[in-house]
Amino acid sequence: MTMEMGMVLGIVGLMLIGLVMDVVRPELLVLTTLFVFIVFGFISPEEGLAGFSNQGMLTIGLLFIIGGVFEKSGLAEKLVSRILSGAASEEEARGRLLIPLAGMSGFLNNTPLVVTLTPVVRKWCEVHKLSPSKFLLPMSYATILGGTMTLMGTSTNLVIHGLLLDFGEQGFRFFELLIVGLPITVVGLIYLLLFAPRLLPGYGRGEGEEEERPRDFLSELRIQADFPHVGKTVKEAGLRNLEGLYLIEIRRGKERISPVSGDTEIYNGDRLFFTGVISSIAELGKRRGLVVDTGTDLSVADLKKGTNKLREGVVSHQSSLLGRTVKENRFREAYDAAVVAIHRNEERIEGKIGEIEPKAGDVLLMVAGESFDQRVKRHRDFYVTSPEGKEKFFEDDRTGWSALVIFIGAVLCVVSGILSIFKAMALAVGLMLAFRLVSPEEAREMIQFRVLLLIAGALGIGNVIIESKAADWMAQELTQAMEPYGVILLLVVLYGMTTLLTEIVTNNAAAVIVFPVAYQISEQIGVEPLGMAIFVAIAASASFLSPIGYQTNLIVFGPGGYRFRDYLRAGMPLTFLTGIVTVGIVYIVYT
């Protein structure tokens, strides 16, 4: 190993540690690392920034728009609702849900698919008095498996496709991955239908439980005539920035004020509702003119009436909320909503709401105003997963069907070889814009630029690993170390490394880091580069062990009431099954 290789691997190692520890947002950390490599001459600016013109990355950007149009259309939601409505048992309902979803995920981005269907499935479970935890995680796993079947099924496949093109290879054909993707999807679905439900807990997140939950952390105070700050604002009355408490609603007769701003005036008879550390309410109740009402009647049902609503959302990996407190994020102004509580690992975080730093996977319970739904669509900092949070976008179903016809036409162009996937998706987006199925402003808001920045930066770091010969060195060392044990065991080790890295730094980053090494290994052990590319794409997508590695796992984490151990218990057998099938097929077909 040369000094340059050691420095490259050391810096990449520090970056991975930073990603695990959530030092800063992932895309900022990856881009900072890339710029360090460029500034200190490890790679030229042209090679380091080549990821920003990578066809795979650009295609993912186009698919965000197409996926956003389908999310708005509600077609998937209506289809699944109709399918579930005919189920006679829990087992039948699971089959009706998972099998079509796996097929749909081969052609649609699974992230918006799971975001759209999570509230639908939760609501259906509430109506039928079933546990959502038996459905939501299997739903996430099914979409991950289905995404491995086609070129466009997951962003990981497109990233590897772009890397193959950069390496001078032909790239994936549309159904190239089907040779491994279909078998692991079939095996995975059998496991999810027959065995996974027995390993998952029966956490109840039904409507009845949700009604009681706010009473655990809501308290009411009444303003009396002798309150010295009657007629003054909330801020002037000293009811803002309280230690451990947060004012979320004021009731004045039939009028309801929520969210509450610092300029809201307080009058005699007002009822003030606080959330936070309940022990602190006693101190506030000692103030003259404030009376604690221990029998508060504020409930979820009340919050759903009028202009304000209760919403639940899961913080995303790319959220701008990360690294700053609720107060520093100016949450109320940004979203027209007040955070009632934050749950992490199924436990409510104690303390002053405004001083809590949200992390990816946190569940936010919010009292939302009229403009909340529109603002959430613009920011996309968290996934709204409450059953009441679904908005009906298109009253005319023909708009959704028109988008579907355009999309099918684009896919046929790719399958027949008339157009590359990038050109076909660009044409599809152009037609959707031309026929006004989506506006330019909506299209821009649908693109998740933080994800694209992360992928482009990771591609640049992958080029650094290649140009510094670090990939060659790692490939040689790994091959020599595993030579006495044969090719199969080497593939098993490589699969395990990729899967573990996926759980730590997400699927796309893992694919970019591992692929250069795997590509070099393929030449040394006699595996076709195409087969190794499929191998890495599948391994990087097979994220079943934690809510961190894949966005769909994160989306269902809070709504399903899961804990980390639930992912290990249900995901470990699935990881072994997919690994065995993938290694076996790649070894038989591509060596």
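Shape of the stretch 420-576 from its Cα gyration tensor (a ≥ b ≥ c, root eigenvalues): rounded if a/c is under 1.5, otherwise prolate when a/b > b/c, or oblate? Oblate, since a/c reaches 1.5 and b/c is not below a/b. Heavy-atom accessible area with a 1.4 Å probe sorts E236, E77, largest first, into E236, E77.
These residues, T325, T156, go from largest to smallest accessible area, 1.4 Å probe, as T325, T156. In this structure the chain gives 40 Å² per residue of accessible area when probed at 1.4 Å with all protein chains present. Once a ≥ b ≥ c are taken as the square roots of the eigenvalues of the Cα gyration tensor of the chain, is the result rounded (a/c under 1.5), prolate (a/b larger than b/c) or oblate (a/b not larger than b/c)? Cα axes put the chain in the prolate bin. Compared with the dominant Cα axis of the chain, that is its longest principal axis, helix 178-194 is turned about 40°.
Rounded, prolate or oblate: which fits the stretch 417-460, taking a ≥ b ≥ c as square roots of the Cα gyration tensor eigenvalues, rounded meaning a/c under 1.5, else prolate when a/b beats b/c? Oblate, since a/c reaches 1.5 and b/c is not below a/b.
In debye to the nearest 20, how big a dipole does the chain give about its Cα centre with +1 on each Lys and Arg Cβ and -1 on each Asp and Glu Cβ?
1320 debye
For the chain, the carbon plus sulfur part of the accessible surface works out to 59%, probe radius 1.4 Å. Taking Cα atoms only, the orientation of helix 564-590 departs from the longest principal axis of the chain by about 20 degrees.
Centre-to-centre, using Cα atoms only, the stretch 87-122 and the stretch 404-463 are separated by 23 Å.
Counting other Cβ atoms within 10 Å, which chymotrypsin sites (Phe, Trp or Tyr not before Pro) in the stretch 399-453 have at most 13 and lie in a DSSP loop? It would help to have the intermediate numbers written out before the result.
On the way: sites: W401, F407, F422, F435, F449; in loops: F435.
When the chymotrypsin sites (Phe, Trp or Tyr not before Pro) of the stretch 399-453 are filtered for loop state and at most 13 Cβ neighbours within 10 Å, F435 remain.
Given the pairs K123/K254; K123/K423; K286/K327; K232/K254, which span a C-alpha to C-alpha distance of over 28 angstrom in this model? Pairs exceeding 28 Å: K123/K254; K123/K423.
In debye, nearest 20, what is the charge dipole magnitude of the stretch 445-544 about its Cα centre with +1 on Lys and Arg Cβ and -1 on Asp and Glu Cβ, if you could check?
Details: 2 positive and 8 negative charges, 37 e Å.
That gives the stretch 445-544 a dipole magnitude of about 180 debye.
When the charge dipole of the chain is built from unit charges on Cβ atoms (+1 for Lys and Arg, -1 for Asp and Glu) and taken about the Cα centre, the candidate among Y562, H317, I190 whose Cα reaches farthest toward its positive end is Y562. Along the axis of the charge dipole computed for the chain (Cβ charges of +1 for Lys and Arg, -1 for Asp and Glu, origin at the Cα centre), the listed residues I408, L239, V39 are led at the positive end by L239.
What's the local net charge at E355, with K and R +1, D and E -1, over the other residues with C-beta under 10 Å away? Here the count lands on -1. Rounded to the nearest 10 degrees, the angle from helix 470-482 to the longest Cα principal axis of the chain is 70 degrees.
Along the axis of the charge dipole computed for the chain (Cβ charges of +1 for Lys and Arg, -1 for Asp and Glu, origin at the Cα centre), the listed residues T502, A360, L29 are led at the positive end by A360. Note on F435 and E265: their simple-model spin labels are 5.5 nm apart, each label 7 Å out from Cα toward Cβ.
Give, as a single signed number, the net charge of other residues whose beta carbon lies under 10 Å from the beta carbon of N241, with Lys and Arg counted +1 and Asp and Glu -1. Kindly include the intermediate steps, with their values, before the conclusion.
Values: positive: K235, R240, K327, K352; negative: E243, E355.
The answer is +2.
The values are calculated or read from the model by the stated rules, or taken from the named source; none is laboratory data. Note that the structure is predicted; figures quoted are calculated from it, not measured. A quick note on method: Cβ atoms are made from the backbone with ideal geometry, for glycine too, and the neighbour counts reach across all protein chains shown. Note: areas computed on protein heavy atoms with side chains; ligands, DNA, RNA excluded. Shrake-Rupley method; radii C 1.70, N 1.55, O 1.52, S 1.80 Å.
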